[in-house]
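This is the structure, below, for whatever I ask next.
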Amino acid sequence: MSRVLLSVFVMVLLAAAHGQTNGILGNWTNPGGSTIHIYQCGPDICAKLVAISKDAPGRVDTKNPDPALRGRSLCGLVIGKDFESVSPSRAQGGKLYDPKSGKTYTGSMTREGDKLKLRGYVGIPLFGRTETWSRAPDNIAACHS
């Protein structure tokens, strides 16, 4: 009987781990080569920069509309917040900050296989833009702020 319980327990753990790596949570690489960590933050889903590409144009938030924040490091910067999890593969209604432009958009995230599609828009989704990120390894060399 205990072997059966142990087997069931192991299968449940493996299924839970498999579900997490297949959902939107985890590390993702954007087209510029930087890595963003998508994580649970309270009841919401958030995103932060955890590795900045060597090809990135800078390491500080120079395009921020608030002059007082233009010197802050991009390393560890929360660029997504307030996303509502609709399913393990989708979150919506959050805010996405683009450090390249200094603009904030309403957005959604949808996982399709090993790709994460982020849709950012102002007003309605029809007038937005979609960017596709790729699944990144969990053991990335993280930046230090």
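Taking the Cα centroid of the stretch 27-77 and of the stretch 91-145, what is the distance between the two, rounded to the nearest whole Å?
11
Calculate, in nm to one decimal, what residue 73 and residue 112 gain on full extension: separation in residues at 0.36 nm each, minus their alpha carbon distance.
Values: separation 39, 0.36 × 39 = 14.04 nm, distance 3.08 nm.
Net length gain for the segment: 11.0 nm.
Return the distance in nm (one decimal) between the two label points of a simple spin-label model at residue 138 and residue 84, each offset 7 Å from Cα along Cα→Cβ.
My value for the distance between the label points is 3.0 nm.
If Lys and Arg each add +1 and Asp and Glu each add -1, what is the summed charge of the other residues whose beta carbon sits under 13 Å from the beta carbon of residue 81?
Net local charge, residue 81 excluded: -1.
Right, another one. Could you work out the percent of alpha carbon pairs in the stretch 88-139 separated by over 15 Å, rounded to a whole number?
48
None of the figures in this text is laboratory data; all of them are computed from the coordinates on show. Keep in mind that this is a model prediction, so the values were computed, not measured. Note that each Cβ is placed from the backbone with ideal geometry, even for glycine, and that neighbours are counted across all protein chains shown.
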